[in-house]
Amino acid sequence: MVLQDTDKQLIEGCRQGDPEAFRALFEKYKDIVYSVALRYSGDPAVAQDIAQDTFLKLFSTVGSFRGDSNFEAWLYRMVVNCCFDQKRKTRRLTPLLDEILDVLRTPDVSVLDEVLRSEISTHVRSMIDSLAPDQRMVVVLRYTQGLSYDEIAVILGCASGTIASRLNRAHKVLERRLSRLAVNRITVKKEKNNG
């Protein structure tokens, strides 16, 4: 069986921009996509991000699906690619996170310091994830992909000045949030030393 009739109808509806067809295709395959993403990442939040990326890519490229192959296999390949993309993003963010954490760490590393480091790493990732989408994308393209302002501007279809502005706003948001983390860490250190 190459392609079920219902899949053919849904894909054709998606090509024509029918929101109900998109919704039906999503409902039919969301559990499969999430399951693969969760098994790969081991983290429900990351799996949700991967699933979201997969469906965004699916809906933007479904017009290129010719129907002469198995749709599920095509979708699985898309999920796998999104999993690999997520892994690459995580690896690229790690050096940035390590630099931030090195600033916050003291030379005498204890078990508490390692626990705090792990907690801070989680918070920093969460902070980046919670940025406004346009700011997050600029941060990702600039720091994980190493692209210039001009390159990012071309990709996002806006002026270099807009990119600089979005990056500046993202820096300010992260700086405020990171300073709160640093204050919290100093408070915990003091409590540890006094306790």
Task: Top-ranked residue of segment 30-75 - restricted to ones that are within 17 Å of Thr6 (Cβ to Cβ) and at pLDDT 90 or above, ranked as surrounded by the most Cβ atoms within 10 Å (Cβ to Cβ) - done: Lys30
Open item on the list: Out of everything in segment 142-163 that is free of Cβ contacts under 8 Å to residues at least 24 places away in the same chain and β-branched (Val, Ile, Thr), what residue ends up being farthest from Ile128 (Cα to Cα)?
Closed with: Val154
TODO: Could you tell me which numbered condition Gly42 fails, if it satisfies all but one of (1) closer than 18 Å to Cys14 by Cα; (2) over 13 Å from the mean Cα position of the chain (by Cα)?
DONE: (1)
Open item on the list: If the requirement is being at pLDDT below 70, more than 23 Å from Asp43 (Cα to Cα) and not assigned by TED's automatic domain parsing to the domain that holds Asp49, which of these qualifies: Thr187, Thr162?
Closed with: Thr187
TODO: Take the residues in segment 11-23 that are without any contact (Cβ under 8 Å) to a residue 24 or more places away in the chain and buried (at least 17 other Cβ atoms within 10 Å of the Cβ), then tell me which one is nearest to the chain's Cα centre (by Cα).
DONE: Ala21
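The values are calculated or read from the model by the stated rules, or taken from the named source; none is laboratory data. In this text, all values refer to a predicted model and were calculated from it rather than measured experimentally. FYI the Cβ positions are ideal-geometry reconstructions off the backbone, even for glycines, and counts take in every protein chain you see.
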